[in-house]
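Here's the structure, in structure tokens; my notes come after.
The values are calculated or read from the model by the stated rules, or taken from the named source; none is laboratory data. Just so it is clear, the structure is predicted and the values come from calculations on it, not from any experiment. Cβ: placed from backbone, ideal geometry, glycine included. Neighbour counts: every protein chain shown. Quick note on the areas: whole protein, heavy atoms, side chains included, nothing else; ligands and nucleic acids left out. Shrake-Rupley method; radii C 1.70, N 1.55, O 1.52, S 1.80 Å.
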Amino acid sequence: ATAAAALGAAPAGADPQQTPEATRAKVDLLFEQAEKATELYNKAGEQVGRLRGLVDQAQDSAARGQERVNKMRGALGSLAGAQYRSGGIDPALALLLSSDPDSYLDKASVLDRVGARQSGTLRELQQAQRRLGQVRMEAAHDLTELERSRAAVSRHKRTVERKLAEARRLLDSLPSADRDSYDRASRSDRGEGSMLLGGAPASARAAAAVRAAQNAVGRPYVWGANGPSGFDCSGLTQWSYAQAGVGLPRTSQAQRYAGRQVPLSAARPGDLVAYRDDASHIGMYVGNGQVIHAPYPGASVRYDPVGMMPVSSVTRV
């Protein structure tokens with residue numbers, strides 16, 4: 001939520017009188033801020049889902065513990081009734097009146113041991129139930145906090161979407177030559193990896209992930225989506241590897257550590273290429289100096305040069 005608040009400092013809508021260069025710079029900044037917000041949103045959602053699973057497990061355990069306690073209480077109630085009916089008088093008097101004192105003492109000893117064992121078991125179950133209740137309460141509290149954090153990030157995402165829509169309207173108002181110039185600039189190679197070939201994928205699963213990413217080319221960028229009809233950047237790479245039977249984390253920051261990092265010069269098809277120092281954008285290297293990625297709202301999944309923006313790491317899954 002704190003990070004979302006910091007990201008909320010995105011500038012207001014562009015002045016229609018500013019130069020095309022200034023407009024492009026502003027749109028680039030808005031796209032970058034939006035992508036960071038989306039990855040924060042994805043991370044919060046992933047944490048909420050994981051914690052909700054823990055809460056469900058705790059509630060199930062608590063329910064089972066309560067059922068065991070209830071059964072034990074019933075058994076103890078039956079035992080107490082039997083003890084009352086058979087020996088609910090002063091033990092000394094019962095012994096005096098008994099026709100078989102030895103048998104009475106044996107029964108009393110057994111009942112005492114059984115009662116002590118049952119009471120001990122009940123105490124253990126009650127302690128376990130208290131522990132489970134505490135876990136459930138803490139997990140529910142954490143879930144509330146995470147939902148609040150996710151709501152804050154979601155609110156920020158809506159704010160950035162409005163700014164992006166404003167920037168998009170401004171871009172659309174520019175002459176087509178300026179709009180084309182912006183798109184070319186966003187896809188230009190900065191020189192990093194421009195001579196890469198990449199060879200064959202490092203594994204069969206990498207090859208399968210590349211095929212999945214290639215099949216996704218042309219599908220739209222969609223906020224927080226991980227396929228199959230739309231994607232954000234980390235959603236595309238997660239979905240592509242899922243088609244190969246490999247589970248990746250949801251966010252680009254986590255995906256950069258989902259395997260072994262290799263130099264860009266050694267990149268092979270299927271490797272994940274993270275961009276910017278904070279890994280707020282990610283794509284998949286597919287050979288010949290190209291990546292497939294989901295760029296930004298309004299643009300479809302596409303091929304671009306691997307050096308389209310500063311590369312921070314390359315990860316082999």
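What the table shows:
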| read-out | value |
| --- | --- |
| So GLY245, is it surrounded by fewer than 24 Cβ atoms within 10 Å (Cβ to Cβ), out of contact with any Cys (no Cβ under 8 Å at 6 or more places or on another chain), on the phi > 0 side of the Ramachandran plot and in contact (Cβ under 8 Å) with a residue 60 or more places away in the chain | no |
| Criterion: crowded, with 22+ Cβ neighbours inside 10 Å and closer than 29 Å to GLY49 by Cβ - qualifying residue of ALA254, ALA274 | ALA274 |
| In the range 282-301, residue nearest to ARG256 (Cα to Cα) [restricted to those that are open to solvent by 30 Å² or more (accessible area, probe 1.4 Å) and part of a strand (DSSP E or B)] | GLN290 |
| Residue in the range 232-281 that is nearest to ALA44 (Cα to Cα), counting only those that are assigned to a strand (DSSP E or B) and of a type in the set (A, V, I, L, M) | ALA274 |
| Hits in the range 286-299 (condition: in contact (Cβ under 8 Å) with a residue 60 or more places away in the chain and over 24 Å from the mean Cα position of the chain (by Cα)) | VAL286, GLY287, ASN288, GLY289, GLY298, ALA299 |
| Qualifying residue in the range 212-221 (condition: in contact with a Gly (Cβ under 8 Å, 6 or more places away or on another chain), open to solvent by 50 Å² or more (accessible area, probe 1.4 Å) and either touching a residue at least 24 places away in the same chain (Cβ under 8 Å) or farther than 22 Å from THR38 by Cα (or both)) | yes |
